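Asks: After the structure tokens below, expect a handful of questions from me.
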Amino acid sequence: MQALHLHAGPKALAHIREHGLRPEHIGVIPGAAGGPKGLILGPLDRFIFGEWLAQSQQQVDLVGASIGAWRMATACLNGSVTAFERLEHDYIHQHYEPLPGHKRVSAQQVSEAFGHSLQAFYGGRIAEVLSHPRYTLHIVTSHGRHILHREHPLGTPLGYAGAFLSNAVHRKALGAWLERVVFSGQGASLPFDAQDFRTQTVALTEGNFMPALQASCSIPFALKAVHDIPGAAAGAYWDGGITDYHLHLNWTAPTQGPDRSIVLYPHFQKNVVPGWLDKALKWRHGTSPFLDSTIVLAPNPEWVKTLPNGKLPDRQDFMTYDRDLPGRVKVWDAAARASQQLADEFAQWLTQPDPDRLQPW
């Protein structure tokens, strides 16, 4: 069964019909939030960053939220293929035991363990990420406003309830509760037009890299917010997926000629959902002109059914397998190994980029 589906916006399709697709055409690579679902993108990441893009010389903006930020930061490390393999291993084998006298793992406990994991992963190597000669990293976070400005046992649940209701009325109304804050390396400007949503930009430095990355991965209530990140406005910072779940952004990669005109998006599904609170709002799951120059690489839903449990790895697996770490590891390992087919099919398609293989949204 064919594992990989390719979806292209109209400008991307026209580009491929005229120029094909070469590594030097890529200007931006986004990395979505989505937790364990991102595990199936490991082989694609290793191929794209370790082999394919290595054949070109242009600058590329890497934009990530949550696990997507972890993936994009990993791409900036020396020896990225080995680093991606470690990311996959570390993510699959993460496990948290409740403290004595407690039935559940606390958000504080998970946050502390995750912070130690990031330190072990990037400690002593932040300069590699920030000084990469070709890749510029942009880490997306969600900054609380008003009642969400500080994490609070009562105020935070009330704030997120208000955010949910406001977002249901209009996505921009979410900006009353949370704003998008992007930490960008190398003094770079954003590779997208941010007028769609309340946005702040901050320089990504060695002093704020760790807290910014942890904040981008800090799911509300599952982990603690990260407060007062150096160089940024005071307050609580949460998972970048809250404001930008799948980075449905108004990409503005250069379009003069074939160079750097394409946004290449390895994703775990066809739809590019704007925010985490939009997951249940199906009318916001369609495409838009924001994605006209984007190619999405996504698994065939029928192929997904052949994976263990007939689905992608997801956060529910932590509850399903509870303390059965070997059981979850076995299932996630199998899904990660099977996803090598996605990378193999993309590599094969690139040898002769047939536009007829591209599917509309």
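The values are calculated or read from the model by the stated rules, or taken from the named source; none is laboratory data. Since we're looking at a predicted model, the values are computed, not measured. As a convention, Cβ positions derive from the backbone with ideal geometry for all residues, glycine included, and neighbour counts pool all protein chains shown.
Asks: Can you say whether Trp332 is modelled with pLDDT of 95 or more and either part of a helix (DSSP H, G or I) or under 25 Å from Gln94 (Cβ atoms) (or both), as far as the supplied structure shows?
Replies: Details: modelled with pLDDT of 95 or more: yes; either part of a helix (DSSP H, G or I) or under 25 Å from Gln94 (Cβ atoms) (or both): yes.
Here the answer is yes, as Trp332 does meet what is asked.
Table: residues versus (1) among the hydrophobic types (A, V, I, L, M, F, W, C); (2) surrounded by fewer than 20 Cβ atoms within 10 Å (Cβ to Cβ).
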position	(1), (2)
Thr141	no, no
His146	no, yes
His149	no, yes
Leu174	yes, no
Val182	yes, no
Arg198	no, yes
Glu206	no, yes
Gln214	no, no
Cys217	yes, no
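Asks: Output the residues belonging to the stretch 294-329 that are modelled with pLDDT under 95 and part of a loop (DSSP other than H, G, I, E, B).
Replies: Scanning the stretch 294-329 gives Arg315, Asp322, Arg323, Asp324.
Asks: Only one of these conditions is not met by His89: (1) in a helix (DSSP H, G or I); (2) under 18 Å from the mean Cα position of the chain (by Cα); (3) closer than 22 Å to Leu297 by Cα; (4) not acidic (Asp, Glu). Which number is it?
Replies: (3)
Asks: Here is a further query. Where residues in the stretch 238-289 are of a type in the set (Val, Ile, Thr), assigned to a loop (DSSP other than H, G, I, E, B) and more than 19 Å from Ser166 (Cα to Cα), which of them is modelled with the lowest pLDDT? If you could, list the steps in order and put the result at the bottom.
Replies: First, pick out the residues of the stretch 238-289 that are of a type in the set (Val, Ile, Thr): 242-243, 252, 255, 262-263, 272-273, 287.
Next cut, assigned to a loop (DSSP other than H, G, I, E, B) only: 242-243, 252, 255, 272-273, 287.
Adding the requirement that they be more than 19 Å from Ser166 (Cα to Cα) leaves 252, 255, 272, 287.
On the way: Thr252: 74, Thr255: 54, Val272: 97, Thr287: 93.
The selected residue is Thr255.
Asks: Report yes if Val181 is among the β-branched types (Val, Ile, Thr) and in contact with a His (Cβ under 6 Å, 6 or more places away or on another chain), otherwise no. Explain how you work it out, then say what you get.
Replies: Details: among the β-branched types (Val, Ile, Thr): yes; in contact with a His (Cβ under 6 Å, 6 or more places away or on another chain): yes.
For Val181, the condition - among the β-branched types (Val, Ile, Thr) and in contact with a His (Cβ under 6 Å, 6 or more places away or on another chain) - is met.
Asks: Restricting to the stretch 319-357, name every residue that is among the hydrophobic types (A, V, I, L, M, F, W, C), surrounded by 17 or more Cβ atoms within 10 Å (Cβ to Cβ) and free of Cβ contacts under 8 Å to residues at least 24 places away in the same chain. Please lay out each step first, then the result.
Replies: Restricting attention to the stretch 319-357, the residues satisfying the condition of being among the hydrophobic types (A, V, I, L, M, F, W, C) are 319, 325, 329, 331-332, 334-336, 338, 342-343, 346-347, 349-350.
Then keep just the ones that are surrounded by 17 or more Cβ atoms within 10 Å (Cβ to Cβ); that gives 331-332, 335-336, 338, 342-343, 346.
Result: Val331, single match.
Listed here are the residues, each with its yes/no results for (1) buried (at least 20 other Cβ atoms within 10 Å of the Cβ); (2) within 29 Å of Thr243 (Cβ to Cβ); (3) acidic (Asp, Glu).
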residue	(1), (2), (3)
Met1	no, no, no
His5	yes, yes, no
Ala14	no, no, no
Gly20	no, no, no
Glu24	no, no, yes
Pro36	yes, yes, no
Gly42	yes, yes, no
Phe49	yes, yes, no
Gln57	no, no, no
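Asks: Applying the selection to the stretch 315-329, what residues are of a type in the set (Val, Ile, Thr) and under 22 Å from the mean Cα position of the chain (by Cα)?
Replies: Here is the first cut: in the stretch 315-329, the residues of a type in the set (Val, Ile, Thr) are 320, 329.
Within the stretch 315-329, just Val329 meets the criteria.
Asks: May I pose another question? Restricting to helices (runs of 4 or more DSSP H) lying wholly in the stretch 120-237: which have 3 or more residues that are touching a strand residue (DSSP E or B) at 6+ places or on another chain (Cβ under 6 Å) and within 22 Å of Leu87 (Cα to Cα)? Show your work before the answer.
Replies: Values: elements: 126-130, 155-169, 209-216.
Those helices (runs of 4 or more DSSP H) span 209-216.
Asks: Across the stretch 153-183, what is the number of residues that are free of Cβ contacts under 8 Å to residues at least 40 places away in the same chain and touching a helix residue (DSSP H, G or I) at 6+ places or on another chain (Cβ under 8 Å)?
Replies: The total comes to 9.
Asks: Here is a further query. Yes or no: the stretch 224-246 includes at least one residue that is crowded, with 18+ Cβ neighbours inside 10 Å, of a type in the set (Asp, Glu), more than 27 Å from Pro10 (Cα to Cα) and within 14 Å of the chain's Cα centre (by Cα).
Replies: Of the stretch 224-246, the ones crowded, with 18+ Cβ neighbours inside 10 Å are 224-226, 229, 232, 235-246.
Restricting the remaining residues to those that are of a type in the set (Asp, Glu) gives 239, 244.
Of the ones still in play, those that are also more than 27 Å from Pro10 (Cα to Cα) are 239.
Now narrow it down to the ones that are within 14 Å of the chain's Cα centre (by Cα): 239.
Checked the stretch 224-246: at least one residue is crowded, with 18+ Cβ neighbours inside 10 Å, of a type in the set (Asp, Glu), more than 27 Å from Pro10 (Cα to Cα) and within 14 Å of the chain's Cα centre (by Cα).
Asks: Something else about it: Quickly run through the stretch 97-112 and pick out the residues that are surrounded by fewer than 15 Cβ atoms within 10 Å (Cβ to Cβ) and either in a helix (DSSP H, G or I) or touching a residue at least 12 places away in the same chain (Cβ under 8 Å) (or both).
Replies: Across the stretch 97-112, the qualifying residues are Glu97, Gln108, Glu112.
Asks: Right, another one. Considering only the stretch 13-33, state which residues are farther than 23 Å from Pro360 by Cβ and of a type in the set (Gly, Ala, Ser). Lay out the reasoning, then the answer.
Replies: Going residue by residue through the stretch 13-33, those that are farther than 23 Å from Pro360 by Cβ are 23-24, 31, 33.
Of everything in the stretch 13-33, those that are farther than 23 Å from Pro360 by Cβ and of a type in the set (Gly, Ala, Ser) turn out to be Gly31, Ala33.
Asks: Kindly evaluate Gln94 against the criterion of being modelled with pLDDT under 95, out of contact with any Asp or Glu (no Cβ under 9 Å at 6 or more places or on another chain) and surrounded by 14 or more Cβ atoms within 10 Å (Cβ to Cβ). Step through it out loud before you land on a result.
Replies: Working: modelled with pLDDT under 95: yes; out of contact with any Asp or Glu (no Cβ under 9 Å at 6 or more places or on another chain): yes; surrounded by 14 or more Cβ atoms within 10 Å (Cβ to Cβ): yes.
When the stated conditions are applied, Gln94 passes them.
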